[in-house]
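This report refers to the structure that appears directly beneath it.
Derivation of every value follows stated rules applied to the coordinates shown; laboratory data play no part. Because the structure is a prediction, the values reported are computed rather than measured. All Cβ positions, glycine included, derive from the backbone under ideal geometry; neighbour counts span all protein chains shown.
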Amino acid sequence: METSEVSHQSIASGVLDMKKVFTTGQVAKICKVAPRTVSKWFDSGRLRGYRIPGSQDRRIPREHLLRFLKEHGMPLRLTVEPE
């Protein structure tokens, strides 16, 4: 792995470290896909997380998101836009 690649991953991981849990909308922005796509990944078991009790809302813990990005060869994004 090249030095620039390592520093890029470190910076990106730092941004993702700022949050411990992500919504499907936030994951969609990171992965540059539609929120419905993230919901399908979640519902099929490809992306692990949990549902908020008494709600249909899904949450994806940071460690599961990072694992998903690595397993599917997706780059770590440097920014997450505020909601």
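Worth pointing out:
- Put simply, when 48-55, 65-72, 21-28 are sorted by average Cβ atoms within 10 angstrom per residue, most first, you get 21-28, 65-72, 48-55.
- Long-range HN-HN contacts of Leu47 with modeled amide H, under 5 Å: Phe42
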